Amino acid sequence: MRVYVPLTLPGLAAAHRQGELGPGPLTAYAVTPGLREWYVSDDVEELEYAALGRAAGASLRLLATDPGAARRRVVVAVDVPDRAAVADPDRSLDPDALGEVRIAEAVPLSKAAAVHVDAPDAVPDITAAADALGAADLGDDDARFIVDGAEDHELLWYATQEIGNLL
């Protein structure tokens, strides 16, 4: 199963040094039954893109809690056995948990298929979105507009061999 693990650049650097994503449990995003129902598509690529988007949103939340991290969302696409990624059935249709899965143990970075990172030109919008996230969560429509603007930026694809150069 392909899962998408949200990180920050410092988190990616730590994973690169340690050779693994972890320690567990890890929160990741995948094509779950709840995500399928919410997205209403049978196209696997579209569903995986939706899961990637959910992970990018979680990466933005990580940035909002780490003011020292470079303002670029990071998502690592990892292949794990189906049984390793567990969705909470009680939260499967919770809008905040769509596609969310837990992975109990650390995952070797060698299982990563790719890394997705914002382009440098996205930094101003990602910075604004991270700064506005708290107000958006409290219902501020202007802040929500700023946060939603982060989604206008596509994450770039990098091979795992390029992680060292990214850092």
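Using the alpha-carbon positions of the chain, Rg (one decimal) and Dmax (whole number) come out as 15.2, 41 Å. Approximating the spin labels as points 7 Å out from Cα along Cα→Cβ, the E45-to-E151 distance works out to 2.1 nm.
Legend: ranking of residues E45, E154 from fewest to most surrounding C-beta atoms inside 10 Å; resulting order E45, E154.
Radius of gyration over Kirkwood radius for region 74-136, both on Cα atoms: the Rg/Rh ratio is 1.06. Rounded to the nearest 20, the Cβ-based charge dipole of region 36-85 about its Cα centre (Lys and Arg +1, Asp and Glu -1) stands at 500 debye. The slack in the chain from R91 to D79, taken as 0.36 nm per residue of separation less the alpha-carbon distance, amounts to 2.0 nm.
Put a plus charge on the Cβ of each Lys and Arg, a minus charge on the Cβ of each Asp and Glu, and nothing anywhere else: the dipole of the chain about its Cα centre is then about 780 debye.
Across L156, L52, L133, mean-square fluctuation computed from a Gaussian network of the chain (C-alpha pairs under 10 Å connected) peaks at L156. Highest mean packing comes first when the peptides 134-141, 17-24 are listed by Cβ atoms within 10 Å, giving 17-24, 134-141. Separation of region 28-51 from region 139-167 is 19 Å, based on Cα centroids.
No lab work stands behind these numbers, since they all come straight from the coordinates. From a predicted model like this one, the values you see are computed outputs, not experimental measurements. Cβ sites come from the backbone with ideal geometry, for glycine too, and all protein chains shown count toward neighbours.
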